[in-house]
Every structure is written in structure tokens, then in C-alpha cells.
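Undergrad: Sharing a structure below in C-alpha cells format, with a few things to ask.
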Amino acid sequence: MTKVHFIGAGPGDPELITVKGARLLGEAGVVIYAGSLVDRELVRCHAPQAEVYDSSAMTLEETTAAIAEGVLAGRNVVRLHTGDPSIYGAIQEQMAELDRLGIEYEVVPGVTSAFAAAAALKQELTLPEVSQTVILTRLEGKTPVPERESLREIAQIGATLVIYLSVAMIGRVVEELLQGAYTTGTPAAVVYRASWPDEQILEGTLADIAGKVRDAEIGKQALILVGDVLRARQEGLKARSLLYDKEFSHGCRKGIVT
Ligand code: SAH
């Protein structure tokens, strides 16, 4: 039996799909992709022969039926997701349906938009003595978030935050963050359509980022990044990493003893 591949398409730039993902897409007879976020061009260029479904107007039953029909016909089926399929990808329910039908599948990871946004900002998200933790999260919308993971609670930690699916509620995001370890002086950035030709970057602090988002009329397809790491480029680094420190030895290099 042919296998189904769930593939991460990456954040937008067609060159940011993995080599493996692109190869499998090229071998696909059927492609089901999320048209609201994945570029149609990416599908056309990698899989010109495939029968293509846009899942944005389909139900779980319909996408499962399209996958099952493809598999029964002996065709390679690709379910293409934006970014990485494991982050807000709603793949678990699809895989559960395939388990029920006895259809085998594999998941091929992709570049999640958090990393495309960090790249756009030319920003390391983990800096020594500033933050060594990155939290990928969201504000609750139609999808509920467990109470212990509310932004208010998470904000107690003070780590670097990358907030998905929430830019339309930026006012509430800021309110909740200010109830935790962040202050109005904490740097914040919003990256709209990271890695697409119309990418937009807004930079500010928790005091002014909401106003900037409203002025730019950004209401979707954007990430909010928050944390003191974002200050590094303006204010310089607090500390360098030990990895490249000339006095630090590790498995691949002997440090200089002074
Ligand atoms: N699986 C995807 C996320 C899907 S949820 C991933 O790994 O990136 C959709 C949300 O992801 C959007 O609301 C937005 O917050 C974010 N997103 C997806 N692509 C983006 C991009 N190119 N730039 C900025 N944010 C993006």
C-alpha cells in the first residue's frame, strides 16, 4: 500500500520546504494543502502532475475521504501543512482517522513560522544571561487554552515568547503579559508573513506595539515576539556564549589556558 505523507511546507518562501518534503511532493499523485496559508505556486512548482485539493473549505471527513481514495487508487498522497505540521496543524485528528482506516502515514517536519520570524528579525531567541527558554503559545480564541497555560500564567516565567494566532487580539495579549514578568519597557516585535515577499516587521515595546499593529492594519498571518532578547541589537550583548569562547574547552576544541 502507498503511504500518506504529512509534510511541513515551511513558512511561505517556496525554498524553505525541506529537500525531503520537496522530493515527496514531486512524487505525489494527490496533494491536499491548506490554501489559506500555503502558496499555490509551491504546489504547482513541486507537484505539477498532482490532483490538488484546497483543504481550507473542506471538513475533516472530506479531507480523510480524499486521502483514502488516493491511497486506494495506489497513488502517493501528500497532506501539505503550513510551517511545521506539529504546531497548530490539527494533524492529530487526521492521523487518528487514518489509524481507524488502517492507512499508514509519515510526518515530514517543516520550518515553523517562529523561526522564519526570528530570521527576519536577525534575532537569536536564546541569549546567555537573558533567556534560555522559548515558549510557543497563543491567546485563547475559538480554541480554548488550559487555564494553567493562560498567557497571564505563562508571563510569570519571563522567557522569550513567540505568540501564534493572536495578532488580532494584540490589546489583550499586552494586557495579559503586563500581569506577569514583562513591563511596558519589554521589547516586542510583530512579523507579518515572515519569508513572503510582502513580509512586514514592526518593532517596539509592550507600551506601543498594539498601536503599531493597529496602524499597520495587521490582523492575521503574523507572530508576536516578546522578551528581553530583542533588546540585544540595540543595547549590545550582556554575555557571549561559551561555545566559541577561546578559553572554553569542549569535545571539538581545546581552550587556551591563560
Ligand atoms: N503550522 C504553522 C502554524 C499554523 S497556525 C507553523 O508552524 O508556522 C497559523 C498561525 O501561524 C498564523 O495565525 C500566524 O500566527 C502563524 N504564521 C503562519 N505562517 C506565518 C508567517 N509566514 N509569518 C508570520 N506568522 C505566520
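Undergrad: When you go through 129, 140, 124 one by one, which is the residue that is within 14 Å of the ligand (Cβ to nearest atom) and outside any helix (DSSP H, G or I)? Before the answer, list the steps.
TA: Values: 129 fails: within 14 Å of the ligand (Cβ to nearest atom); 124 fails: within 14 Å of the ligand (Cβ to nearest atom).
Going through 129, 140, 124 in turn, just one is within 14 Å of the ligand (Cβ to nearest atom) and outside any helix (DSSP H, G or I): 140.
Undergrad: Checking the condition of a type outside the set (D, E, K, R), assigned by TED's automatic domain parsing to the domain that holds residue 229 and at pLDDT 95 or above, which residue from 28, 117 passes?
TA: Numbers: 28 fails: assigned by TED's automatic domain parsing to the domain that holds residue 229.
Unique residue meeting the criteria: 117.
Undergrad: Output the number of the condition that residue 33 fails; it satisfies all remaining conditions of (1) under 19 Å from residue 69 (Cβ atoms); (2) within 13 Å of the ligand (Cβ to nearest atom); (3) in contact (Cβ under 8 Å) with a residue 60 or more places away in the chain.
TA: (3)
Undergrad: Show the residue pairs that are 6+ apart or on different chains and have beta-carbon atoms under 8 Å apart, the first residue being within the stretch 101-122 and on the phi > 0 side of the Ramachandran plot, the second being in a helix (DSSP H, G or I).
TA: Final answer for the pair search is 122/233.
Undergrad: For residue 105, only one of the following conditions fails: (1) of a type outside the set (A, V, I, L, M); (2) in contact with a Leu (Cβ under 6 Å, 6 or more places away or on another chain); (3) within 16 Å of the ligand (Cβ to nearest atom). What is its number?
TA: (3)
Undergrad: So which of 181, 189, 239 ends up being in contact with an Asp or Glu (Cβ under 8 Å, 6 or more places away or on another chain) and either in the same structural domain as residue 17 (by TED's automatic domain parsing) or more than 30 Å from residue 82 (Cβ to Cβ) (or both)? Walk me through how you get there before you give the answer.
TA: Numbers: 181 fails: in contact with an Asp or Glu (Cβ under 8 Å, 6 or more places away or on another chain); 189 fails: either in the same structural domain as residue 17 (by TED's automatic domain parsing) or more than 30 Å from residue 82 (Cβ to Cβ) (or both).
Step by step, each of 181, 189, 239 is checked, and only 239 is in contact with an Asp or Glu (Cβ under 8 Å, 6 or more places away or on another chain) and either in the same structural domain as residue 17 (by TED's automatic domain parsing) or more than 30 Å from residue 82 (Cβ to Cβ) (or both).
Undergrad: Among (1) closer than 19 Å to residue 106 by Cβ; (2) out of contact with any helix residue (DSSP H, G or I) (no Cβ under 9 Å at 6 or more places or on another chain), which single condition is residue 3 missing?
TA: (2)
The values are calculated or read from the model by the stated rules, or taken from the named source; none is laboratory data. What you see is a predicted model; the values in this text were computed from it and never measured. Here the Cβ is made from the backbone with ideal geometry for all residues, glycine too, and neighbour counts use every protein chain on show.
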